[in-house]
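Before any comments, here is the structure.
The values are calculated or read from the model by the stated rules, or taken from the named source; none is laboratory data. Here the structure is a predicted model, which means the values were calculated and not measured. All Cβ positions, glycine included, derive from the backbone under ideal geometry; neighbour counts span all protein chains shown. Areas reflect the complete protein model, heavy atoms only, side chains present, ligands, DNA and RNA absent. Shrake-Rupley method; radii C 1.70, N 1.55, O 1.52, S 1.80 Å.
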Amino acid sequence: MPTHPPLGRRVEHDPRSLAYAHGVLPKTAIRSVDWTRRAPIFDQKTLGSCTGNAAAGLLCTDSAARPGLTSVTLDGAVLPIDEGLAVKVYSLATQLDQFEGAYPPDDTGSSGLGAAKALKKLGLASGYTHAFSLDAVKSALQTGPVMVGTPWLESMFDPDPKTGFVRVDRTSETAGGHEYVISAYNASAEAFRIDNSWGDGWGINGSIWIDEGDLRWLLSQQGDVTVPVWATVPSPPPAPTPAPDPRLVEALALMQAWAHDLHVTGA
């Protein structure tokens, strides 16, 4: 269970997920990427809704498949992608998880797998894969952001204000589990950018960087990485051809009649 108010990620690893492993690209295909987020950083405050926040964060971030969204339509209603939607996804995730209780009323926390299931059930994703290695994470990032769940250490609450890097002191206590978005990879620095859900006053405008070695270690501590497959957005139907202006039709008929008369009379 979460041991710190803003943390609520729980571990659920389904063996069936192994059948949906994300592929690994050749190392020569890995490039630096930086996917743009189209909505402000969320703030989950004291609710353990980090998995819902991460899932909603994926929706509003660009990918190769489509630009990041700023709103979605659910049950006929247009909803902004904000903390409200994040909580909606979290609530559904708690119902789809294999844990006792659900939000509301119980702030049980949820899993990355549960949040991915919620995206699919809401029709916002058509499926998802799982990155089981850091090379798979880098490969997935070539086409879009990913959702990551790991332990969160006490040292990680206070990132370095100068470098923007999170401090992963492996001797510090584990505060709980946390889910977040990784939206960028800097190949030369061997670092990943985390977009968090604690407001834009945390880190650098709500985001931080994490060293590749630190992320690898965190993932080895029962971490998981979920890669969404976005639902296909139907193309809008072609615009109907406008009806011709009746005045133009009449003018054209007169021109055709005049041309006919000229041909008949030989004028």
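What fraction of the Cα pairs in the range 1-130, stated in percent, has a spacing above 25 angstrom?
Details: 2419 of 8385 pairs.
So the portion of pairs separated by more than 25 Å is 29 percent.
Using modelled backbone amide H atoms (1.01 Å from N, in-plane), which distant-in-sequence or interchain residues come within less than 5 Å of TRP209's amide H?
Close amide H contacts, sequence-distant or interchain: PHE165, VAL166, ILE194.
Just need the Rg to Rh number for the range 62-157, please, alpha carbons only, Kirkwood Rh.
The Rg/Rh ratio comes out at 0.99.
What pairs in LYS88/LYS121; LYS88/LYS120; LYS27/LYS138; LYS138/LYS162; LYS88/LYS117 have C-alpha atoms more than 18 Å from each other?
LYS138/LYS162
Largest first and in whole Å, what are the equivalent-ellipsoid semi-axes of the range 134-196 based on the Cα gyration tensor, each being the root of 5 times an eigenvalue?
Values: eigenvalues 92, 41, 20 Å².
The three semi-axes for the range 134-196 are 21, 14, 10 Å.
Taking 7 Å along the Cα-to-C-beta vector as the label spot, tell me the LYS121-HIS13 distance in nanometres, rounded to one decimal.
Distance between label points: 2.4 nm.
Return the long-range amide H neighbours of ARG38 (sequence gap of 5 or more, or a different chain), with a cut-off of under 5 Å between placed amide H atoms.
THR61, ASP62
At what distance in nm do the modelled label points of SER220 and ARG66 sit from each other, each positioned 7 Å from its Cα along Cα→Cβ?
3.8 nm
Quick check: with the 1.4 Å probe, what order do VAL148, VAL78, VAL33, VAL11 take by accessible area, largest first? Could you put the intermediate results ahead of the total?
Working: VAL148 0, VAL78 100, VAL33 25, VAL11 60 Å².
The most accessible residue leads, giving VAL78, VAL11, VAL33, VAL148.
Just add up the charged neighbours of ASP106: K/R +1, D/E -1, any other residue whose Cβ is under 12 Å from the Cβ of ASP106.
Summing Lys and Arg as +1 and Asp and Glu as -1 gives -3.
Kindly state, to the nearest 0.05, the FRET efficiency for GLU100 paired with SER188, given R0 = 41 Å and r defined as their beta-carbon distance.
0.30
With r defined as the distance between the Cβ atoms of THR174 and ASP200 and R0 fixed at 30 Å, what FRET efficiency is calculated, to the nearest 0.05? Walk me through the intermediate numbers first.
Details: r = 26 Å, r/R0 = 0.86.
E(calc), rounded to 0.05, equals 0.70.
Given that compact globular proteins tend to follow 2.2 N^0.38 Å, what is the ratio of the alpha-carbon Rg of the range 170-235 to that value?
For the range 170-235, the normalised Cα radius of gyration is 1.33.
Across the range 127-134, in residue order, what do the Karplus-derived ³J(HN,Hα) couplings come to in whole Hz, using 6.51 cos²θ - 1.76 cosθ + 1.60 with θ = phi - 60° and x for Gly and Pro?
x, 6, 10, 10, 8, 9, 7, 5
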